[in-house]
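Novice: This is the structure I have questions about; it appears just below.
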Amino acid sequence: MSTVSFEAPRGMRDFYPEDMAWRNRIFDAWRRSARRFGFQPYDACVVESLELLQRKSGEEVSEQIYAFEDKSGRKLALRPEMTPTLARMVAARQSRLPFPIKWFTVAQCFRYERMTRGRKREHYQLNMDIIGSEDVLCEAEILGAAVDAMRSMGMPDGAWRIHVSSRALLGELLAASGIPERHHPAVFIALDKRGKIDDSEIADLLRGEGLDEAAIGKTFALLAVNSLDEAAAMVAADSKAMADLRGLFDLAHAMGYGDLLMFDIAVIRGLSYYTGIVFEAFDLQRRFRAIFGGGRYDSLLALVGGQPTPAVGMGFGDVVVGEVLREILGDACPEPRAGYIIGYMTPEQRSAAVTLAAWLRADGETVDLSLVPQKPKHFFAKAGNSSALKAVYIGPDDVASGTAQAKNLQTREFESLSLAQPVQP
Ligand code: HAM
């Protein structure tokens, strides 16, 4: 047999226990915050029909799909994102669901990306979506839950910002600059490539869409608008897009995260289904790709064949946030100490150790029981490096006296445990 590479396929990740500590920290925070904000869990298979996933050309993600045929010739794919699947699931039960619904999932996604910092070919995404309401309170709730998750992971507020804009507002600004609405979807996709390709290439894309030089100049000029007030002066006084944006900033302040939000007209998003407010979170120095992103997509339900239904949601990946957290908190994931580690000196104390472990486990405690006899020095060195809070080392004297000492590895205090305690039923 030829030797197999020990590396995971390019772009895919192995999770050794030290990596799982980070992953669990992130997933636990995601799930806790989503539930705290009233989102219900859902899930679906990572294999999706290719037809559902293939939409607008020009979207980066549709060129990155891992696609294959099953043995019956069905065209399938590993999902690059969860939103089309969510839209399909909601459309399938549209007459029965109690809208508005608030759903969340942690979904593994696959994209054949060019590998850069923070971008892999496989990642996990927390998705939180609210379907069935046009109210900007939905955006505020989703962002509030994301902020809550960031804070409980240990991310300081000073390390990141949420950049917010609105495609509806940009649409109004483009219209006010004389660029007809039929060009807007292509302009959004082209402008989203800013920073990834040269402005001259973006101008070529706009030319290809039929925009003349004056219109292209005006389009680029809009990207220099850098405050809500400046934008407000360029659109109608009763602009709904502007009212929604201002409403979101007000709600964010009321919810305690207003200072994390900033208006940034350059946030457009690469997916074509967004119709209103869009947002992306970045580290303060912008050294990493987006931490999370999302927005309002009021047309997608109809696009997959459902009834037109307003919707808003976000995807929050595990890769970038993990990298930023490691930079701030260090490589070793800080885990609170908990539970017991139990060791013994010779095979004669093994059964006392097994019995004590069984009793503690029956009591709901976590116990890491040594598999071999150890010298005290080796046992306590291992205990110090473990995540246990209390270490119990059983020698012949302990068995003779019927009690063992549990050492609290944080406070260095001792507590006596009876070795005669019967196992709880
Ligand atoms: P997205 O911006 O394509 O949006 O992805 C959301 C997040 O997933 C990104 O901000 C990033 O954290 C993570 N992510 C995406 N691609 C990769 C990758 N190749 N490697 C590592 N992390 C990645 C969406 O997917 C939308 N479906 C989100 C959404 C939900 N909009 C409405 N509802």
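The values are calculated or read from the model by the stated rules, or taken from the named source; none is laboratory data. Note that the coordinates shown come from a computational prediction; the quantities given were computed from them, not determined experimentally. Because the Cβ atoms are built from the backbone with ideal geometry, glycine has one as well, and the counts that use them run over all protein chains shown. With ligands, DNA and RNA removed, areas are computed over all heavy atoms of the protein, side chains included. Shrake-Rupley method; radii C 1.70, N 1.55, O 1.52, S 1.80 Å.
Novice: Please compute the length gained on full extension between Met255 and Ile197, using 0.36 nm multiplied by the number of residues separating them and subtracting their Cα-Cα distance.
Specialist: 17.2 nm
Novice: Between segment 192-267 and segment 130-187, how many Å separate their Cα centres?
Specialist: 11 Å
Novice: A follow-up question, please. Of Cys138, Cys333, Cys45, which has the largest mean-square fluctuation in a 10 Å C-alpha GNM of the chain?
Specialist: Greatest mean-square fluctuation among the candidates belongs to Cys45.
Novice: For segment 166-184, list residues with backbone N below 20 Å from a point placed 7 Å from the Cα of Asp212 toward its Cβ?
Specialist: 174-184
Novice: Further question: With every atom except the alpha carbons ignored, what do you get for Rg and Dmax of segment 3-150, in angstroms?
Specialist: Rg, Dmax (Cα atoms, Å): 17.2, 58.
Novice: Please compute the length gained on full extension between Ala358 and Ser49, using 0.36 nm multiplied by the number of residues separating them and subtracting their Cα-Cα distance.
Specialist: Separation in residues times 0.36 nm, less the Cα-Cα distance, equals 106.4 nm.
Novice: Sticking with this structure for a sec: Over the chain, give the accessible area per residue in Å² for a 1.4 Å probe, as an integer.
Specialist: Here the residues of the chain average 49 Å² of exposed surface.
Novice: Next question, about the same structure. Pop out the carbon and sulfur fraction of the accessible area of the chain as a percent, whole number, probe 1.4 Å.
Specialist: Ligands and nucleic acids excluded, carbon and sulfur give 52 percent.
Novice: Continuing with this model, one more query. Using heavy-atom solvent-accessible surface (probe 1.4 Å) with all chains present, what is the largest-first order of Asp212, Asp148? Spell out each step's value before the answer.
Specialist: Details: Asp212 90, Asp148 35 Å².
Order by accessible area, largest first: Asp212, Asp148.
Novice: A follow-up question, please. Considering the dipole of the chain built from charges on the beta carbon (Lys and Arg +1, Asp and Glu -1) around the Cα centre, which of Leu50, Leu228, Pro308 is farthest to its positive end?
Specialist: Leu50
Novice: Which is farthest toward the positive dipole end of segment 1-132 among Thr116, Met128, Gly38, measuring Cα position about the Cα centre, with Cβ charges +1 (Lys, Arg) and -1 (Asp, Glu)?
Specialist: Going by the Cα projections, it comes out as Gly38.
Novice: Work out the charge dipole of the chain with +1 on the Cβ of Lys and Arg and -1 on the Cβ of Asp and Glu about the Cα centre, then indicate which of Pro80, Ala362, Val61 is farthest towards its positive end.
Specialist: Of Pro80, Ala362, Val61, it is Ala362.
Novice: Further question: How big is the dipole moment of segment 301-425 about its Cα centre under a simple scheme where the beta carbon of each Lys and Arg is +1, that of each Asp and Glu is -1, and everything else is neutral? Debye, nearest 20, please.
Specialist: 260 debye
Novice: If you don't mind, another one. With an 8 Å cut-off on Cα pairs and a minimum separation of 6 or more residues, tell me the relative contact order of the chain in percent.
Specialist: Details: 703 pairs, mean separation 66.2, N = 425.
Relative contact order of the chain: 16 percent.
Novice: Can you tell me the relative contact order of segment 311-368? Whole percent, Cα pairs under 8 Å, sequence separation 6 or more.
Specialist: Reported relative contact order: 31 percent.
Novice: Cα convex hull of segment 69-148: how many Å³ per residue?
Specialist: Value for segment 69-148: 137 Å³ per residue.
Novice: Which log10 I(q)/I(0) values does segment 134-262 give at q = 0.15, 0.18 Å⁻¹ under the Debye formula, counting every alpha carbon as one identical point scatterer?
Specialist: -0.82, -1.02
Novice: Order these peptides, 278-284, 112-118, by their mean beta-carbon neighbour count within 10 angstrom, highest first.
Specialist: Descending mean neighbour count gives 278-284, 112-118.
Novice: Divide by every residue of the chain the summed helix terms, -39500 (n - 2.57) for each DSSP H run of at least 4, and state the resulting mean residue ellipticity at 222 nm, rounded to the nearest 500 deg cm²/dmol.
Specialist: Counting only the DSSP helices, I get -11000 deg cm²/dmol.
Novice: Can you classify segment 17-329 as rounded, prolate or oblate using the Cα gyration tensor, where a ≥ b ≥ c are the square roots of its eigenvalues, rounded means a/c under 1.5, and otherwise it's prolate if a/b beats b/c and oblate if not?
Specialist: rounded
Novice: Which lysines, on any chain, are close to Lys75 with Cα under 20 Å apart, when same-chain ones fewer than 8 places away are left out?
Specialist: Answer for Lys75, where 20 Å is the Cα cut-off: Lys56, listed by chain and number.
Novice: With springs only between Cα atoms under 10 Å apart, run a GNM on the chain and tell me which of Arg32, Arg287, Arg350 wobbles the most.
Specialist: Among Arg32, Arg287, Arg350, the largest GNM mean-square fluctuation belongs to Arg350.
Novice: Separate question: Nothing charged except the Cβ atoms of Lys and Arg (+1) and of Asp and Glu (-1): what's the magnitude of the dipole of segment 17-329 about its Cα centre? Round to the nearest 20 debye. Provide the component values of the computation, followed by the final result.
Specialist: Working: 39 positive and 44 negative charges, 205 e Å.
About 980 debye.
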